[in-house]
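Student: Below: one structure in structure tokens.
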Amino acid sequence: MNYIFEFLTQSNIVAGIIGAFIVWIIAQVKSVAEINKIDKEVINIRIFLNKELYVLEEQKKGHFQKIHLYLKELLDAIKEDKSPNLPEIWDKINNSFFIDYLESSYQIIRTSKILFSGNKKDMKDFIDDELFPLLKTSVEILALLNDSRFKELNRDRETLISDTTFKLVFRTIKRNITIIDFHRRKKIKLYEEALERYKIT
Amino acid sequence: MFSNYSIMDIQSFLNKVRSLISLGELRETLTIINTLLRNCPHLNEVIGKDVKDDEILAQIHIGRLEVDNGHLSKKEATAKFLAFVQIIETLSEEHSDLRDELNNALSKDLKHILQYHTGTGDNVIGQKVVMDTLLREIYKELDKKTKG
């Protein structure tokens, strides 16, 4: 009798262990499947963002080329003494720069921040290849639009920026560089100083 | 450095060149120094004599310096460029004729020199060149009109 009871008890324990093991195996398989699913989703999101970024970059290139066209128009107008045309061309450059070029640049920044999050190297490349050139172009365009001699021919027009105009750019750079990255910090300071003169006071 | 089109004094010019060096834009700096010396023949001659015993400084003087070529590191080149700027500064402080020549060049021929050598350009090289060329032309025309 005892033998039978012992056998049944042992069988239950063994069955319990086997059951628990099977449950554990199922859980593991499930976890792996879930992780794979999440990985696939992350990959899909990255592919989507990459495509999105490509489209945005193409758009930005288009806006940049449009600014080139207007600059050419401006050059011809100055050369040919067509002063009456200058305000209109000035407006075109101004609008194209603020509405198209800067806006598409900001969209690129927002997308890149998600795409490159956690990837310090890519983010630094993005800062060097996109953000600093963006600041340089911006300083050059603002310098042109506010040039005193140009204003003279253009009936005293000027364009100004606010404290928030380049906030996203500077914030993105500052948050992604170390405190001892003196090279990039120096560049930031130079661009901040260069843009300061165009701020609304 | 980026948009100052007013007449530049020697000190601010040299400071801007130093900023450019510190940003690591040595190729651009070499072009600027070379252009500067081409427009200041007397200064060019005096510096030529001053740097003839230093191989690197002499190469900067003639505008033929290759950085990061295995023989010269960027750090060493940066130090040499800063030394070269220091020589220009010292000479302009010590010799009034050189100072006048430099001032004259900066107020006329070199007014826009730093504008077009500011280092990081647009990330699309071709577009950067187009942009720089157009801006240079526009400023040249604006100069003509306002002087006229």
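The values are calculated or read from the model by the stated rules, or taken from the named source; none is laboratory data. Keep in mind the model is a prediction, meaning the values are calculated, not measured. With ideal geometry, Cβ positions are generated from the backbone for all residues, glycine too; neighbour counts draw on all protein chains shown.
Student: Would you confirm whether or not the range A:87-98 contains a residue that is among the charged types (D, E, K, R), within 11 Å of another protein chain (Cβ to nearest Cβ) and part of a helix (DSSP H, G or I)?
Tutor: no
Student: If we scan the range A:34-49, do we find a residue that is assigned to a helix (DSSP H, G or I) and within 11 Å of chain B (Cβ to nearest Cβ)?
Tutor: No, the range A:34-49 has no match at all.
Student: Here's a follow-up. Going through A:T178, A:T165 one at a time, which residue ends up being more than 10 Å from chain B (Cβ to nearest Cβ) and touching a strand residue (DSSP E or B) at 6+ places or on another chain (Cβ under 9 Å)?
Tutor: Exactly one residue qualifies, and that residue is A:T165.
Student: Looking for whichever is surrounded by 12 or more Cβ atoms within 10 Å (Cβ to Cβ), of a type in the set (A, V, I, L, M, F, W, C) and assigned to a loop (DSSP other than H, G, I, E, B) here; the options are A:I173, A:I177, A:I114, A:I141. Which one fits?
Tutor: Exactly one of A:I173, A:I177, A:I114, A:I141 is surrounded by 12 or more Cβ atoms within 10 Å (Cβ to Cβ), of a type in the set (A, V, I, L, M, F, W, C) and assigned to a loop (DSSP other than H, G, I, E, B), namely A:I177.
Student: Then there is this: Cβ contacts < 9 Å: first residue touching a residue at least 60 places away in the same chain (Cβ under 8 Å), restricted to the range A:44-69; second residue of a type outside the set (S, T, N, Q) and loosely packed, with under 13 Cβ neighbours inside 10 Å, any location; separation 6+ or different chain. Result?
Tutor: That search, which allows pairs on different chains as well, returns A:L49/A:I114.
Student: Assess whether A:F150 counts as being modelled with pLDDT of 90 or more and either assigned to a helix (DSSP H, G or I) or closer than 21 Å to A:S105 by Cβ (or both).
Tutor: For A:F150, the condition - modelled with pLDDT of 90 or more and either assigned to a helix (DSSP H, G or I) or closer than 21 Å to A:S105 by Cβ (or both) - is not met.
Student: Sort through B:I60, B:I10, B:I87 and tell me the only one that's in contact with an Asp or Glu (Cβ under 8 Å, 6 or more places away or on another chain) and at pLDDT 85 or above.
Tutor: None of the other options fit; the residue is B:I87.
Student: So, A:I93, is that one β-branched (V, I, T) and touching a residue at least 24 places away in the same chain (Cβ under 8 Å) or not?
Tutor: Yes; evaluated as a whole, the condition is true for this residue.
Student: Out of (1) away from chain B (no Cβ under 14 Å); (2) surrounded by 14 or more Cβ atoms within 10 Å (Cβ to Cβ), what's the single condition that is false for A:V29?
Tutor: A:V29 satisfies all of (1) away from chain B (no Cβ under 14 Å); (2) surrounded by 14 or more Cβ atoms within 10 Å (Cβ to Cβ) except (2).
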